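One structure is given here, and the rest of the page talks about it.
Just so it is clear, none of the values below were taken in a lab; they were calculated from the coordinates. In this text the structure is predicted, and so the values were computed from the model without any measurement. Positions of Cβ are backbone-derived with ideal geometry, glycine not excepted, and every protein chain shown enters the neighbour counts.
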Amino acid sequence: MNPLNELIVRTLPLVPRRIVRHFASRYIAGEKIEDAIQTVKKLNEQKKLATIDVLGENITTETEATEALKTYKLVLKTIKDFNLDSDLSIKLTQLGLKLDFEFCYANVEELVKLAKEYNNIVEIDMEDSSTTDATLEIYRRLKSKFDNVGVAIQAYLKRSEEDIKSLLPLKPRIRLCKGIYIEPETIAYKKKELINHNFKHLLNLLLQSDAYTCIATHDDELINEAYHLIRKYDLKNERFEFQMLLGVRPELGNKIVSDGYKLRIYVPFGEKWYAYSMRRFRENPQIAGYVFKAIFTRNSF
């Protein structure tokens, strides 16, 4: 990140929320489930799949976790009622992972059971490294009972190869992504070239296995490598899909679809939009720059 962009990112917390909200709209469907419905409908019309995410994480009470569970259930019912081509993404810390492991597991199992009744899938997001062991333990327990659950693996973590190898006997559904949380160099690769190298290595491992692989990236280099491996192993579409974030490089997503591959868009919604948006801006300083410039543009709103 160049010095100007770094300054802009550090300054963003001082920017009025109404300005941040304006530019965040490209990354989030809105605050209400109705907003998510309309967004997913548009994506489906473009022959794109979706995964709906309810914004929020790291709750501090069981009451909050129970409310999150109710919202997740509503999302699953809404997907069914509106015949949307979408599954559900969840964060375990929103369902009580840091409060009580068994309480969290019970919440997730309830969701996976309901999704099974609706012929749908629950995808478990991976959060910071303090949750990795517990997340994988919950996934393993669920996968021994259900076939409609997936988990994310982050390529920047040095442990990820061993994690994937330990999951392969389960014929898992794995979303391979780079990873976004700030982690120490002792456990995570920091340089882009090292992260990309590991991503390619893990992708090769997955695509040669019986796993269903979700290739979650916006990086041209990694997508080109995925194309190469798909052709090399003569893989059918039933074995993999690409995944991207709402609002990030839609033109690339259109190309993936036009090339005949499945693409699933991560569609977040909810009142906790601010923290999510700030994270997206930190990842994409160019957009952060647009927010900064808007402060000085009289007719921006």
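Taking a ≥ b ≥ c as the square roots of the Cα gyration tensor eigenvalues, with a/c under 1.5 meaning rounded and otherwise prolate when a/b beats b/c, else oblate, which class fits the chain? Show your work: numbers first, answer last.
Numbers: a/c = 1.35, a/b = 1.17, b/c = 1.15.
Rounded is the answer for the chain, as its axis ratio a/c remains below 1.5.
So if each residue of separation counts as 0.36 nm, and I subtract the Cα-Cα distance between Y233 and K32, what length gain in nm does that give? Walk me through the intermediate numbers first.
Numbers: separation 201, 0.36 × 201 = 72.36 nm, distance 4.22 nm.
Contour length minus the Cα-Cα distance gives 68.1 nm.
Got a sec? Charge dipole of the chain, +1 on Cβ for Lys and Arg, -1 for Asp and Glu; which of I215, V112, G150 is way out at the positive end?
Positive-most Cα among the choices belongs to I215.
At 7 Å along Cα-to-Cβ for each site, give me the label-to-label distance between E162 and D210 in nm.
For the pair E162/D210, the computed spacing is 2.5 nm.
Which of the aspartates and glutamates could be linked to K143 by a straight reach, that is with a Cα gap under 17 Å, when you skip same-chain ones fewer than 8 residues away?
Answer for K143, where 17 Å is the Cα cut-off: D87, E102, E109, E110, E117, E123, D125, D133, D163, D210, listed by chain and number.
So for the pair Y274, E64, with labels modelled 7 Å out along Cα→Cβ, what separation do we get in nm?
1.4
Return the subset of K41/K73; K47/K116; K165/K236; K91/K113; K70/K191; K48/K190 for which the Cα-Cα distance in this structure is over 28 Å, preserving the input order.
On the way: K41/K73 19 Å; K47/K116 24 Å; K165/K236 22 Å; K91/K113 17 Å; K70/K191 40 Å; K48/K190 32 Å.
Going by Cα-Cα distance, K70/K191; K48/K190 fall outside the 28 Å limit.
If you filter segment 115-215 for trypsin sites (Lys or Arg not before Pro), then keep DSSP loop positions with at most 13 other Cβ within 10 Å, what is left?
Working: sites: K116, R140, R141, K143, K145, K158, R159, K165, R173, R175, K178, K190, K191, K192, K200; in loops: K145, K158, R159, K178, K190, K191.
Those that pass, being in a loop and sparsely packed, are K145, K190, K191.
Subtracting the Cα-Cα distance from 0.36 nm times the residue separation, let me have the gained length for K73 to F103 in nm, one decimal.
Values: separation 30, 0.36 × 30 = 10.80 nm, distance 1.65 nm.
So the extension gain works out to 9.1 nm.
Using +1 at the C-beta of Lys and Arg and -1 at the C-beta of Asp and Glu, which of S86, L263, L76 has the Cα lying farthest in the positive direction of the dipole of the chain?
The residue sitting most towards the positive pole is L263.
I want to make sure I understand the PRE zone here: with the label point 7 angstrom from the Cα of R141 toward its beta carbon, which residues in segment 102-126 have backbone N atoms less than 12 Å away?
So the set is 102-110.
Averaging sequence separations of C-alpha pairs under 8 Å and six or more residues apart, then dividing by the length of the chain, give the relative contact order as a whole percent.
Working: 456 pairs, mean separation 78.0, N = 301.
Relative contact order, the chain: 26 percent.
For the chain, which longest stretch is free of loop sites, where a loop site is one of the GluC sites (Glu not before Pro) that DSSP puts outside H, G, I, E and B and that has at most 15 other Cβ atoms within 10 Å?
Longest gap between qualifying sites, sites excluded: 32-184.
Which residues in segment 97-134 place their backbone N less than 12 Å from a point set 7 Å from the Cα of K171 along the Cα-to-Cβ direction?
Within reach of a label on K171: no residues.
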